Structure formats: structure tokens, C-alpha cells
Amino acid sequence: VKDVAQIASVIGREFSFALLAELFTRDAAALRAALADLERAELIHRRGAGPDETYTFKHALLQDAAYDSLLRRDRERLHARLSEVLEARSPEAASQVPELLAHHFTAAGRLADALPYWMRAAELALGRSAYQERLAHLEAALRIARGLPDAGQARGRELELQLSRGGALMATQGYRAAATGDAFARAHELARELGDPRQSFAALRGLHGVHYTRAELDDALRVAEACLEIGDGGTDRQHRAVAHRLVGQTLFIGGRLPDARRHLEQALTLDPGPGASGVAALTGGGHRLMAPMFLAQVLWLQGFPDQARDLARRAVDEAGRLHGAFSVTANLFFYCLILGWRREYQALAEQAERIRELAGAHEIYEWASEGGLVVDWPRLVLGDTAEATALARRRLDAVRTLGGVMTPFKLALLAEILAREDPAEALEVIEEALALTARGERWSEPELLRVKANVLLGSDGDAAEACLHGSLRIARELGARAWELRGATDLAKLWCARGRPDDARQILAPVHAGFSEGHDTADLQDAKALLDRLAGECHAVPDGRP
């Protein structure tokens, strides 16, 4: 009876008669007698009858006690025998539940046999968007790989696993996490030792994500250009496409819009299509969709709101058809930015809810944290003032804690909300945002100055006007016509309120006329309404505000 309980404990909490019979060295009658004794003692429960009958330990502690009573050599021998039986009798186990064989080979001490099963289990977990599970399988594989007797083989396996581990950590802990950066840094070190440019490229791509999201833009651009050097030196179009995308997105966040657009359009030209392989899928594919997503952001800033929306929407649709939850949430996040900039808050709310559901269901830390402000954006803008202000203060703490790229823009969005009740607090927040642009994140600087101007209007109209002039100057310098339109509209309102309708019309009309699309967007409609008003008569209000 003790022998049967011990053998069963090696199989697991639940075990079948057929599998137990393969491991029990005595005859079937003795086995059935022992199982009957265990059942009468209420240590196990039986389900079914005949060859399909299965048993379950009544409590996990009973299984643990039986397992712990085995000598180590007997335990390893049983795990080894069980692994061989499963491989021979259940080929579907190898393809469908490889973690089962991985576990038994590992417990048997047959680590070289266990390694490919752990890797296969991680691959299947990625296909299910089970990112925490994938990380656990990769960690188990990595412990084995480091102990392989052949040093060259050990480094090669570790390189492969560190790349995959970095991708799993992106989803489960975020790009900014120290563990994510360490995984890609170690992978790059191993790739250089092994002289493997393709794997170097994959490691550098991961490192770029780490530096970029931390707003370490000089390092991000350096790494992106290293990827471009590798891509231009080879024949893989996908490498070159991804490299151009990395450079383009980094230039975008630095406010270098024409250069960013050139690289992002080159990425799309080189892109071999959704069915191509060649760049390791760090988080389940979909990396190619980031080029259209960043290009959409550039297009919106340059004054093409319809093209931006359509490009982003197509990327979201493709992600939903072909890729996992991480890629879908990433594309949804950037699509929501476009919708928010277009001030289409109902559509934004619908897409943001998808982010919340996917990030929660698949435990995707990166987009659960990044997407929080996007999810709340409609409530912040459209909600009751007191409720929106309280929510903004909660989000302010989260934005400061998370930090990283796009923090200045997020702070400006929150400052606009806070200004309704507490202009002094809003001014502090917008000054904090402007100070952060010194690290090179200039794409949203005109908007920050415009928000500051609106906060100052109630207390210092001249300072507000100076901020609007600064916003327009920088928007023109960057070629950001979307920000220029907003700045020109606010300055025209101010001049209209001060009795300067001709100046107001002259500052706004040419900016509005420069748009060839997006005339149904809120920004352009506001500008058109103001121009229509300016065509009549403009009167100042007593406090000098628009």
C-alpha cells in the first residue's frame, strides 16, 4: 500500500490506473488490492471503472507526505520511468502539455531531456497569451541551460532563453523593470561573445524598448542606430524595417517629425508583411505594427488627423486578427491616443475598455499601467468637476510613480483637469512637465506651453500670451501643425477678447487653411467657428478672458 501511494504521488494529485500499472512492478491484482485499501482508508477517491478509472488523493498534503517519504534515488528513478512511459504512450503530451514531461525529466535529473520541453511549454504559453506562465517555464529552462556541460551550448541556449525571457518580462513586469533590462543586456553580451549579429539585433531591439520607455532618449537613439547598422549590413528586410521603426519612433518623441516620418515610411516600405519571420517575436508578434502606429502619431502632429486615425485603426484590426493580447493592447493604447487627440471621447472610451479587459485577463503589467490614464481620459474630460479633479489627483500619483516616456504630456493632460478647481496646483504640475522636456522629449512641448497659458489666463494675461507665442513658435519649429492650430486658436480667442479681431483673424486663418483633411474634428471645428465669429464683430469681456 505504501509503495502504491508513493508511486502515485510521483504521477500527481490525480492519476490513472493504466499509468500507475506501468510503474508498479508487481501484478495487477496486488495493485488493485493496494488501491482498495487506500480507498477504504479514505486517502484516495476513485472515479470511473475499468481501464479508464482514475484516482485522486483526498488532500494535497497526503500526496506531499507520500512523495516526501521516497528516497531521492527512488524518486528520480520513478520520475525517469514516468517520463519514458509518457513519451512512449502519450505522444500528445509532448505536443499539448510539454510542461508535464519537462517537470518529470527535471525531477529525474535528466536536465538535457527536460530543456526542450520547457522551451516548448513556453512557446505554447505565448500562443495563449499566458505571459506569467511563459515566464515561469523560461526561468526553469534557463536554470537548466546554465548548467549544461558544454560551455558553447550553454551560452547559445542561454542567449535564446534570455531573449525570450526579456519579452516575457516586458509583459509581466514592464519595459522599465530592472529585470527586463538585465535580460536584454545579458542577451546582447552573449550574442557578441558568440558573434551572432541576428541575435545581437534582437537583444538591441529589446534594449531599445527599455531605454525608450524610461525616456533615456540618447541611449535609445544610440541603440536604434546600432540596429540600423546591423540591418543595413545584412539582407533581411524585416531587420531593416524594424531598425528604421526604432529610429523613427525615437526621433518622433524628440520632436524631429520630418526625420521620424522618413524613417517610419521607410519601415513600411521594407516591411515584408504579416506572414514573414526573421525577427524573434519577443512578446507574441505584432512588432511590425508599431511602425504604422508611430507614423500615425507623426501624421496627426503634422496635420493629417484622418490619415492618422485610419492608419492606426488598420493596425489595431490586424493585431486582433493575427497576434496575441500584448500586441493588441499595445496597438489599442496608441489608437486611443489618436482618438483622444481628435477629442473623440466616446470612441476612446470603447477602445480603452478593451485595454482594461485584455490587460486584466492576461496580467499584462505594461499596458495595465500605461493604459490607466487612457482608460480614464474620457471621465477626466467629460466628468463632473469634483469627480474629475479627484481622479486626476489619483492619476497624478500613478504617472509620477511610473515615470518614463510621455510623462510630460500626461502631466499636461492632468494639469488641464486640475486647473478647473486649483489653478495653483495645475501650474505646479505643468511646470514639472516642462522641466522634464529638458531630457529631450520635445514632441509635446507646444501643448505644454498652451496648457500653461490657459492656467495663467485668470491671473496673468500677459504671461499667458507669452506662453501662447512660445507654443506657436515651437510648433512651427517642429512642424507640428496640430499643436500650432490649438495654439493659434487660443491666441486668437485671447486677442478677440482684448479687442484685436483683425490680429486674431490673421494669426488663425492661415493655420486653419493649411489643413486639407479632418474638418469634422473638434479642433478644426472650433477654429472654424471662431473664424466665423471673427468675420462679424468681436467684443472684449470685462475680465479680458476669451
**Study point:** Extreme residue, positive dipole direction of the chain, given options Q249, G127, Q199 (C-beta unit charges)
**Key:** Q199
Check your understanding: How high is the relative contact order of the stretch 145-210, in percent, with contacts defined as C-alpha pairs under 8 Å that are six or more residues apart?
Key -> 30 percent
Study note, to complete from the structure: the stretch 357-398 and the stretch 424-485 have their Cα centres apart by a whole-number Å value of 23 Å
Check your understanding: Setting aside same-chain residues fewer than 8 positions from K452, which lysines have a Cα under 28 Å from its Cα?
Key -> K410, K493, K528
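For E477 and R500, compute 0.36 nm times the residue count separating them, minus their Cα-Cα distance, and round to one decimal in nm.
Between E477 and R500, full extension yields 5.7 nm more.
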Exercise for review: Name the residue farthest towards the positive end of the dipole of the stretch 410-542 from the options A415, G461, A497, assuming +1 on Cβ of Lys and Arg, -1 on Cβ of Asp and Glu, about the Cα centre.
Suggested key: A497
Check your understanding: Rounded to the nearest 20 Debye, what is the dipole magnitude of the chain about its Cα centre when Lys and Arg each give +1 and Asp and Glu each give -1 at the C-beta?
Key -> 780 debye
**Study point:** Spin-label pair A535/A60, simplified geometry with 7 Å Cα→Cβ offset, distance in nm
**Key:** 7.3 nm
Exercise for review: Compute the long axis of helix 131-145 from its Cα atoms, compare it with the longest principal axis of the Cα atoms of the chain, and write down the angle in degrees, 0 to 90, nearest 10.
Suggested key: 60 degrees
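Determine the relative contact order of the stretch 177-230: mean sequence separation of Cα pairs under 8 Å and six or more apart, normalised by residue count, in whole percent.
Value for the stretch 177-230: 31 percent.
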Exercise for review: Could you check how much of the accessible area of the stretch 41-193 is carbon and sulfur, as a whole percent, using a 1.4 Å probe?
Suggested key: 50 percent
**Study point:** P(r), alpha carbons of the stretch 158-309 - 5 Å bins starting at zero, rounded %
**Key:** 2, 11, 19, 23, 21, 15, 7, 2, 1, 0
Study note, to complete from the structure: Once both label points are put 7 Å beyond Cα along the C-beta direction, the R73-A178 separation in nm becomes 4.4 nm
Review point. Where does helix 111-127 land angle-wise versus the long Cα axis of the chain, in degrees 0 to 90, nearest 10?
Key: 40 degrees
Review point. How high is the relative contact order of the stretch 290-376, in percent, counting Cα pairs under 8 Å that sit 6 or more residues apart?
Key: 25 percent
Study note, to complete from the structure: For the stretch 89-147, the per residue accessible area (1.4 Å probe, Å²) is 44 Å²
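Taking the Cα centre of the stretch 1-130 as the origin, how large is its charge dipole in debye, to the nearest 20, when only Lys and Arg (+1) and Asp and Glu (-1) carry charge on their Cβ atoms? Don't skip to the end; give the middle numbers.
Details: 17 positive and 19 negative charges, 35 e Å.
The dipole magnitude comes to about 160 debye.
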Check your understanding: Regarding the chain, what are the three Cα extents along the principal axes, ordered largest first, in Å?
Key -> 104, 54, 34
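Tell me, Kirkwood radius of the stretch 194-273 from alpha-carbon pair distances, in Å?
Mean inverse Cα-Cα distance, inverted, gives 12.3 Å.
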Practice item. Please determine, in degrees from 0 to 90 and to the nearest 10, the orientation of helix 217-232 with respect to the longest principal axis defined by the Cα atoms of the chain, where the helix direction is its Cα long axis. Key: 70 degrees
Revision key, fill the gap. Per the Kirkwood formula over distinct C-alpha pairs, the hydrodynamic radius of the stretch 242-389 in angstrom is 15.7 Å
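The values are calculated or read from the model by the stated rules, or taken from the named source; none is laboratory data. Bear in mind the structure is a predicted one, so any value in this text is a computation, not a measurement. All Cβ positions, glycine included, derive from the backbone under ideal geometry; neighbour counts span all protein chains shown. The accessibility values were calculated without ligands, DNA or RNA, using every heavy atom of the protein model including side chains. Shrake-Rupley method; radii C 1.70, N 1.55, O 1.52, S 1.80 Å.
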